Amino acid sequence: MSNNVEDLARANVRALTPYQSARRLGGNGDVWLNANEFPLPVPFELSQQTLNRYPECQPKLVISRYAAYAGVQPEQVLVSRGADEGIELLMRAFCEPGKDAILFCPPTYGMYSVSAETIGIEYRTVPALDNWQLNLPAIADQLDGVKVVYMCSPNNPTGNLIDQDDIRQLLAMTAGKALVVADEAYIEFCPQATLAGWLQEFPHLVILRTLSKAFALAGLRCGFTLANKPVIDLLLKVIAPYPLATPVADVAAQALSEQGIALMRQHAQQLNDNRAWLCEQLPQLSVVQQVFPSETNYILARFTDSPKVFKTLWDQGIILRDQNKNPGLAGCLRISIGTREECERLIAALQALSVEQA
Ligand code: PMP
């Protein structure tokens, strides 16, 4: 028998390329524009001192406040360790490894495939159309054996919303066969586009949310799954016994208080204003080929020489996210929206490169 522990690991785990999170990729910056985080910390103080006790599995105050904020019933809310855990719980509850499949439409968020590979579930991809909308006929052709369709709106990394008439058609073609999961991680930047009001109509619709973006709490690791009770009850069967640490529930409840939500709305507005400013500035630069419209706290742009732009800015401590290897995104970089000063530093650095190129 081999002495190599690697040989003991599951074949799919040996073959797995882990998710390349912004933190794993590293960098030595002081302007972090690569993880779609809120640029400044929000101050919270811990009020719970009962760390000798296990926490509630689904802390009631967090659940009731999130339900009120999202306009749904508490029984339609599950809280988890980030939206990432929600992505995985859905696969674990609904997909049989080696038999069922999930489907998604690249370019999109990278964790759908990583979770599927980790669990050993087939994933099918149906590339988005040139305008980054759903290719509905191609999805219809691929649905056999699919249990969960992940659809990110607004989409990461492209920034666009998915057309709501198309989503209705997707829900019609999947009824009784598969769940449709709308990943709304960035919905606070375009709240009018949420599908939360559709839950009553569609038993197979699921919505993912997070405190990591507009709520400025990426370090907290707290996300939500919204769905009808039968779906939530199934997810509760497979979730860890204590998914949320007591300090996490404590801070989440504060973030979801009236004042917490008001602060989040101010923050989202500031980032939307900064995005509008960047969207005016970027197209004026000769290194920028194309700026894609965005409804989120990031902008995708295509550059004449993206490796050079990426490296030059990296060396100056301005860290962007390279999208070159993503299907259809050659030459593209994703820029998270920072403070106004950070946006100005970015534009100054790109101006210097544009002058050099001219
Ligand atoms: N969905 C999308 C589209 C995301 O961009 C992210 C974060 N990068 C997540 C889900 C996961 O968010 P969380 O931090 O809540 O795990």
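What about Asp7, is it closer than 30 Å to Asn131 by Cβ, of a type in the set (D, E, K, R) and either modelled with pLDDT of 95 or more or not in a loop (DSSP other than H, G, I, E, B) (or both)? No; evaluated as a whole, the condition is false for this residue.
Of all residues assigned to the range 79-86, at least one qualifies as being under 23 Å from Ile337 (Cβ atoms) and touching an Asp or Glu at 6+ places or on another chain (Cβ under 8 Å).
Only residues that are surrounded by 19 or more Cβ atoms within 10 Å (Cβ to Cβ), out of contact with any helix residue (DSSP H, G or I) (no Cβ under 7 Å at 6 or more places or on another chain) and not hydrophobic (A, V, I, L, M, F, W, C) were counted in the range 260-283, giving 2.
Given the structure, is Ala178 in contact with a strand residue (DSSP E or B) (Cβ under 7 Å, 6 or more places away or on another chain) and in contact (Cβ under 8 Å) with a residue 24 or more places away in the chain? Yes, satisfied. Say whether the condition of being assigned to a helix (DSSP H, G or I) and not small (Gly, Ala, Ser) is met by at least one residue in the range 24-46. Checking the range 24-46: at least one residue is assigned to a helix (DSSP H, G or I) and not small (Gly, Ala, Ser). For the residues Ser294, Ser286, the requirement of being within 22 Å of Arg321 (Cα to Cα) and surrounded by 18 or more Cβ atoms within 10 Å (Cβ to Cβ) singles out Ser294. A count restricted to the range 274-310 and to residues that are without any contact (Cβ under 8 Å) to a residue 60 or more places away in the chain and either among the aliphatic types (A, V, I, L, M) or part of a helix (DSSP H, G or I) (or both) stands at 12. Which of the residues belonging to the range 207-223 are hydrophobic (A, V, I, L, M, F, W, C), crowded, with 23+ Cβ neighbours inside 10 Å and within 8 Å of the ligand (Cβ to nearest atom)? Correct list: Leu208, Leu211, Cys222. Is it the case, given these coordinates, that Ser47 is within 16 Å of the ligand (Cβ to nearest atom) and either buried (at least 16 other Cβ atoms within 10 Å of the Cβ) or under 23 Å from Thr210 (Cβ atoms) (or both)? Considered against the rule, which asks whether it is within 16 Å of the ligand (Cβ to nearest atom) and either buried (at least 16 other Cβ atoms within 10 Å of the Cβ) or under 23 Å from Thr210 (Cβ atoms) (or both), Ser47 comes out as no.
What are the residues in the range 218-230 that are over 19 Å from the mean Cα position of the chain (by Cα) and touching a residue at least 60 places away in the same chain (Cβ under 8 Å), if any? Scanning the range 218-230 gives Asn228, Lys229.
From the list Ala67, Ala83, the one residue that fits, being in a helix (DSSP H, G or I), surrounded by 11 or more Cβ atoms within 10 Å (Cβ to Cβ) and within 16 Å of the ligand (Cβ to nearest atom), is Ala83. Within the range 181-206, restricting attention to residues that are touching a strand residue (DSSP E or B) at 6+ places or on another chain (Cβ under 7 Å) and among the acidic types (Asp, Glu), the residue that is nearest to Asn297 (Cα to Cα) is Glu184.
The values are calculated or read from the model by the stated rules, or taken from the named source; none is laboratory data. Every value quoted in this text rests on a predicted model; they were computed, and no experiment measured them. Glycine gets a Cβ as well: all are built from the backbone with ideal geometry, and neighbour counts include every protein chain shown.
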